[in-house]
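Let me begin by presenting the structure, written as structure tokens, before commenting on it.
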Ligand code: TRP
Ligand code: SF4
């Protein structure tokens, strides 16, 4: 391995990705491809833990794959695949479940949150969600897992799982991964209050057209204290400004920072500039996405090819795991 180690990350197939997903995860996945041996997985089995219907599962998988590919996640540099295409993960999940005390799973903050959000759908698989995630990570002998801060307990859980497994079976087969916490600008939804999320309908999709993007930006909530054009504003509490810091040139950002505070610029002009800059930024991505989306079967082939390459690693790990546990070859 000439690179700095293996990176694995998974994301549930939530369909079209928004700019929060892009800035928080995808952009980072793209950048890591140069220095690390990356494995990126659309975790459809994990999605089943909370889905009430699976009718959109395939479409959501495709939509997410198109955003990933269009953003520059590259099957020639990385392994990109769908979790359920590599069956070994379910085998490792079962084996790891035997070294996992139940209380550890029910104590996790992520589990408690899901129970709160889906009180009528607390299934066995939901409890085991982190075990399946540990199987994802360890199956590919992962060194680093790029995640948001909310996923850190799952990585810590994975490390404990590895220690228990290796201790119980007197082996060093599984590797303890390290979380690589992704730093990214705090971007809220268009409501200016909540984190950007599809379910809150406060998101801007990567695949939105330029016109759709402009229309959404023009409706964004700004500094709530700025009621009239003549009132001075405070960019520090304005999510439009947060996005300018990502998508606009430094001199534009500085100009807004100064002019907003003395009512020298109005929110309409400020938003028009943001929409223009965002549309310029995403134009190449959107053009590529359109091309990928024309070829559904080509996309599945690409994902299956990724799965084949992933399976080679997975099967090698499982051969060692089976030997360590004492299962037949
Ligand atoms: N649990 C992660 C999430 O909800 C998704 C996930 C599944 C994952 N398997 C993974 C993330 C492995 C990193 C590594 O966001
Ligand atoms: Fe926000 Fe821009 Fe309006 Fe200032 S001018 S409040 S930064 S939208």
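The values are calculated or read from the model by the stated rules, or taken from the named source; none is laboratory data. Predicted model, so just to flag it, every value in this text is computed and none were measured. Cβ placement follows ideal geometry from the backbone for every residue including glycine, while neighbour counts extend to all protein chains displayed.
Does residue 212 satisfy the condition of being in contact with a helix residue (DSSP H, G or I) (Cβ under 7 Å, 6 or more places away or on another chain), at pLDDT 95 or above and in a helix (DSSP H, G or I)? Let's see the steps before the verdict.
Values: in contact with a helix residue (DSSP H, G or I) (Cβ under 7 Å, 6 or more places away or on another chain): no; at pLDDT 95 or above: yes; in a helix (DSSP H, G or I): yes.
For residue 212, the condition - in contact with a helix residue (DSSP H, G or I) (Cβ under 7 Å, 6 or more places away or on another chain), at pLDDT 95 or above and in a helix (DSSP H, G or I) - is not met.
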Filter pass, residue 151 being in contact with a strand residue (DSSP E or B) (Cβ under 8 Å, 6 or more places away or on another chain) and assigned by TED's automatic domain parsing to the domain that holds residue 321: yes
For residue 264, state whether it is within 11 Å of ligand 2 (Cβ to nearest atom), farther than 19 Å from residue 18 by Cβ and touching a helix residue (DSSP H, G or I) at 6+ places or on another chain (Cβ under 9 Å). yes
Of all the residues that make up segment 125-155, how many are under 12 Å from residue 8 (Cβ atoms) and either within 16 Å of ligand 2 (Cβ to nearest atom) or touching a helix residue (DSSP H, G or I) at 6+ places or on another chain (Cβ under 9 Å) (or both)? 15
Can we say residue 265 is without any contact (Cβ under 8 Å) to a residue 60 or more places away in the chain, under 28 Å from residue 203 (Cβ atoms) and not in a helix (DSSP H, G or I)? yes
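Residue by residue, here is whether (1) within 16 Å of ligand 2 (Cβ to nearest atom); (2) loosely packed, with under 12 Cβ neighbours inside 10 Å holds:
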{"site": "228", "(1), (2)": "yes, yes"}
{"site": "233", "(1), (2)": "yes, no"}
{"site": "237", "(1), (2)": "yes, no"}
{"site": "245", "(1), (2)": "yes, no"}
{"site": "253", "(1), (2)": "yes, no"}
{"site": "270", "(1), (2)": "yes, no"}
{"site": "287", "(1), (2)": "no, yes"}
Which one of 254, 212, 176 is within 16 Å of ligand 1 (Cβ to nearest atom) and free of Cβ contacts under 8 Å to residues at least 24 places away in the same chain? 176
Given the conditions (1) touching a residue at least 12 places away in the same chain (Cβ under 8 Å); (2) in a helix (DSSP H, G or I); (3) over 15 Å from residue 137 (Cα atoms), report the number of the one that residue 49 does not fulfil. (2)
Quick one: would you say residue 182 is touching a residue at least 24 places away in the same chain (Cβ under 8 Å), away from ligand 2 (no atom under 16 Å from the Cβ) and touching a helix residue (DSSP H, G or I) at 6+ places or on another chain (Cβ under 6 Å)? yes
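Could we say that residue 241 is under 22 Å from residue 26 (Cα atoms), surrounded by 17 or more Cβ atoms within 10 Å (Cβ to Cβ), touching a residue at least 12 places away in the same chain (Cβ under 8 Å) and within 23 Å of the chain's Cα centre (by Cα) here? Before the answer, list the steps.
Numbers: under 22 Å from residue 26 (Cα atoms): yes; surrounded by 17 or more Cβ atoms within 10 Å (Cβ to Cβ): yes; touching a residue at least 12 places away in the same chain (Cβ under 8 Å): yes; within 23 Å of the chain's Cα centre (by Cα): no.
Criteria not met by residue 241.
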Considering only segment 197-209, state which residues are modelled with pLDDT under 95 and in contact with a strand residue (DSSP E or B) (Cβ under 7 Å, 6 or more places away or on another chain). 198
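Taking the stated definitions as given, is residue 265 modelled with pLDDT of 95 or more, surrounded by 17 or more Cβ atoms within 10 Å (Cβ to Cβ) and farther than 20 Å from residue 191 by Cα?
Yes.
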With respect to residue 190, is the statement that it is away from ligand 1 (no atom under 16 Å from the Cβ) and touching a helix residue (DSSP H, G or I) at 6+ places or on another chain (Cβ under 7 Å) true? yes
Might you let me know whether segment 291-302 holds any residue that is without any contact (Cβ under 8 Å) to a residue 40 or more places away in the chain and either within 16 Å of ligand 1 (Cβ to nearest atom) or in contact with a helix residue (DSSP H, G or I) (Cβ under 7 Å, 6 or more places away or on another chain) (or both)? no
